[in-house]
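Accompanying notes for the structure given below.
The values are calculated or read from the model by the stated rules, or taken from the named source; none is laboratory data. If you're wondering where the values come from, they're calculated on a predicted model, not measured in any experiment. Glycine gets a Cβ as well: all are built from the backbone with ideal geometry, and neighbour counts include every protein chain shown. These area figures cover heavy atoms from the full protein model, side chains too; ligands, DNA and RNA do not enter into them. Shrake-Rupley method; radii C 1.70, N 1.55, O 1.52, S 1.80 Å.
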Amino acid sequence: MKVVVADTGAIISLVHVGQLGLIESIFGDYFIAEAVWQELQVYDNPGFDRSVLKDIEKRVIKIKSTNHLSMVMDFGESESVILYDELKADFLLIDDNKARTIAESLNVKCIGSIGLLMQAKLNGSIVELRPIFQKWISSGRFFSKKLLNTVLTEIGENTLGDG
């Protein structure tokens with residue numbers, strides 16, 4: 001069983017496609033920093049199922065140390081990196097490219113929503129990624145079509161078209 005700290009963007013992306021439960025089924029327990037919880041409270045999108053927040057609330061942990069990273073990444077991301085360190089977590093689930101690069105430079109082991117979904121496909125928890133990627137695009141999630149198509153090609157699924 002692995003311990004994962006999840007950032008706001010990854011949680012939002014997984015909730016949009018009804019796949020938040022994959023974090024637990026793939027890794028085990030997950031937690032979120034208090035700043036991530038605050039960001040989830042104000043996130044507003046008609047495709048976001050707010051009912052999942054009740055389950056997520058019990059996973060909130062307040063960081064113990066000072067947030068020394070808030071100058072280089074947003075508040076949720078910086079607290080997530082600190083919480084990862086404090087919990088000695090196995091992975092940080094994060095999608096933002098800049099924040100992920102900074103986290104990895106601090107020896108944080110990162111995985112994104114796409115990587116999580118690919119693992120789920122490999123272990124049979126998900127049959128197809130293409131419909132999930134289509135829903136991300138239609139709900140306005142910030143994944144490049146080129147990246148999504150590369151992943152689809154790699155796993156042998158039809159692409160989303162030009163992008």
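What the table below lists for this structure:
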| item | result |
| --- | --- |
| Furthest towards positive pole of dipole, Met73, Ile94, Ile155, structure part the chain, Cβ charges | Ile155 |
| Rule-of-thumb Rg ratio for the chain [Cα; 2.2 N^0.38 Å; N residues] | 1.01 |
| Accessible surface ranking that places the most exposed of Asp55, Asp85, Asp44 first, with a 1.4 angstrom probe | Asp44, Asp85, Asp55 |
| Loop sites in the stretch 62-111: trypsin sites (Lys or Arg not before Pro), DSSP, at most 15 other Cβ within 10 Å | Lys62, Lys64, Lys88, Lys109 |
| Rounded, prolate or oblate (a/c below 1.5 giving rounded, otherwise prolate when a/b exceeds b/c) for the stretch 122-163 by Cα gyration tensor | oblate |
| Virtual spin-label span in nm between Asn67 and Ser139, 7 Å along Cα→Cβ | 2.5 nm |
| Within the chain, helix-based [θ] at 222 nm, where runs of 4 or more DSSP H residues each add -39,500 (n - 2.57), nearest 500 | -13500 deg cm²/dmol |
| Loop-resident sites, the stretch 98-163, for chymotrypsin sites (Phe, Trp or Tyr not before Pro), counting at most 12 other Cβ within 10 Å (DSSP) | Phe142 |
| Simple Cβ-charge dipole of the stretch 45-148, Lys/Arg +1 and Asp/Glu -1, about Cα centre, in debye nearest 20 | 300 debye |
